[in-house]
1. Report the residue count in the stretch A:105-152 for those that are under 12 Å from the mean Cα position of the chain (by Cα), assigned to a loop (DSSP other than H, G, I, E, B) and hydroxyl-bearing (Ser, Thr, Tyr).
2. Among the candidates A:211, A:158, single out the residue that is touching a residue at least 60 places away in the same chain (Cβ under 8 Å), surrounded by 19 or more Cβ atoms within 10 Å (Cβ to Cβ), assigned by TED's automatic domain parsing to the domain that holds residue A:249 and not in a loop (DSSP other than H, G, I, E, B).
3. Go through (1) of a type in the set (A, V, I, L, M, F, W, C); (2) in a helix (DSSP H, G or I); (3) surrounded by fewer than 17 Cβ atoms within 10 Å (Cβ to Cβ) one by one and return the number of the condition residue A:274 breaks.
4. Which one of these does residue B:68 not meet: (1) in contact with a Leu (Cβ under 8 Å, 6 or more places away or on another chain); (2) facing chain A (nearest Cβ under 9 Å)?
5. Criterion first (under 30 Å from residue A:276 (Cβ atoms) and modelled with pLDDT of 95 or more) does residue A:311 satisfy it?
6. In the list A:255, A:245, A:249, which residue meets the criterion of being among the charged types (D, E, K, R), in a strand (DSSP E or B) and closer than 22 Å to residue A:165 by Cα?
7. Being touching an Asp or Glu at 6+ places or on another chain (Cβ under 6 Å), closer than 21 Å to residue A:197 by Cα and in a loop (DSSP other than H, G, I, E, B) is the filter here, so list the residues in the stretch A:45-88 that pass it.
8. Any idea which of A:309, A:377, A:313, A:348 is within 14 Å of chain B (Cβ to nearest Cβ) and part of a loop (DSSP other than H, G, I, E, B)?
Amino acid sequence: MSNRRDFIKKSSLATISSILGVDIVFAKNLPKDVLPLLLQEEGFYTKFNKHKDMVILNDRPWNAEAQAHILDDEITPSSKMFVRNNGLIPENIDVDNWNLTIDGESVNTPKSYTISELKKFPKHTYRLTLECGGNGRSEFNPPAKGNQWSIGAVSCAEWTGVRLRDILEDVGINQDAVYIGYYGADTHLSGNPEKNPISRGMPISKALMDETIIAYAMNGENIPLAHGFPLRLVAGGWPASVSGKWINKLVVRNKIHDGAKMGGQSYRVPCTAVAPGSKVSDDQMCIIESMPVKSLITYPKSGAVISENRTLNVRGHAWAGELKVNKMEYSIDFGSTWHRCELKAPHNRLAWQRWSANINFPKKGYYEVWARATDTNGTMQPMVLPGWNPKGYLNNACHRIAIKVN
Amino acid sequence: MSDEKILSIVKKIYRFTLSVFIIIFTLFLSTIYYYNDPTLSLLIPKEEKNITSSKSVQQKNAGIIQDGIHLETGLIEGEGLMLVVQNCTSCHSAKMITQNRANKEGWRSMIKWMQQTQNLWDLGENEEKIIDYLSTNYPPQKKGRRATLTNIEWYNLD
């Protein structure tokens, strides 16, 4: 805690704005006395046990992202995992009396399970990539509303729980089931108990996959409160909003689930591509399913100064939603030439893949290392921003870091 | 008993009663203080207190504008500021405003969305004033298809 305090005290405004990932508009107008306001956010780091380099985007509700250089771990620890909330985090959770109810039109007899009853089903552990649908939103032009995520709303933790499929088989679902919806214990910002902050879901085909689980543990421990304690639905490779937190009810629907943030423009992109800045009516917006191919450079941190004739090891992760990453490349000349990186297979399906490369720079100067992943369909990350969409989702443009060779 | 002796006994009783009274009164005052401030924060050096208790900073900053910034929220000073503070920041963080950029139409559509889905009340005649404030102080910036890397913190890796 004191580290962060010292860190903020010592930081210049330029540093703070680089941490925020955006320019502080009118930074020169910002008086010194405003800095203590940033200190108020210290509570976030201690309460949720978060790394000091996590960047807070919003404090009501809490939303915070990692920076690329703290995402270097193969398995993302809770301290470096992005926090995305639509409502207020529930308090005073009574684990012993927690119930998960399975209900909905396509269920004959609704059934409830306590956590100890759930734990009697076969246990499965998977590393699953969860990326916020709006990760990268801050780059879109014209700007899209919402939390201005830069690159750090992604994680790959190890989730343990029971297969949703096993539970649904135990309950018994009808042939007409097409969609699953979740409900959680978080509360709406307006304080209205009748409103759900978020209630999304997935088609039955995704719900029945091996890796779609109701998790009760993350990285071998109870799920941290900010990440869904005591139960979280986890569906890797899809927008992380599909992976409902604090879940106490699942509904098996005979139509596409119509909970909060399923309809309108939420987590949807235009069904057909539109020009930047276009208005798109709700009926022309389609639900995002698998996330696109993407990668991050997690080492070194951008801004490294190295000496000439030194080989630089660069590494990171790559992922591709439902697919796998087939090829990983880097460029040090703004895309004029590309070079292959070493790419490992995923630990399991839907886990991100480690990549690395050793780079020799031809002479002194300023360089940018750009990384580009290609998925099993041959689709690669664009160097410029992908297709504009009204809510700023699915920015999978290449990540890059700055390097200076002296 | 001489008058002198009686006087001296009366004085002794008076002193004793006074001391007992003072002790009880002091205990009473301490109890009241402790009840209101169990952490005894007034006894802790002031500088440390300012850092640990952020709420007091916030309360102190309420309504204060310095160098064009409203200290409590970080919003830019301008016509309509207090309307925005009152109508917007009671439900969500001011960061939701300061991290976003839009023109009049964009801010209007965000307000409409909040009214349709997030229980935002009818803003009446204040709506235009709020939209004017937002579009004037938080207008869109031209970013192109990919921005230059900025704010690079250089460090020695060797």
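1. Number satisfying all stated conditions: 1.
2. A:158
3. That leaves (2) as the condition not met.
4. Of the numbered conditions (1) in contact with a Leu (Cβ under 8 Å, 6 or more places away or on another chain); (2) facing chain A (nearest Cβ under 9 Å), the odd one out for residue B:68 is (1).
5. So residue A:311 does not fit the description; no.
6. Being among the charged types (D, E, K, R), in a strand (DSSP E or B) and closer than 22 Å to residue A:165 by Cα holds for just one of A:255, A:245, A:249, which is A:249.
7. A:82, A:87
8. From the options A:309, A:377, A:313, A:348, the qualifying one is A:309.
The values are calculated or read from the model by the stated rules, or taken from the named source; none is laboratory data. Computed from a predicted model, the values in this text were never measured in an experiment. Positions of Cβ are backbone-derived with ideal geometry, glycine not excepted, and every protein chain shown enters the neighbour counts.
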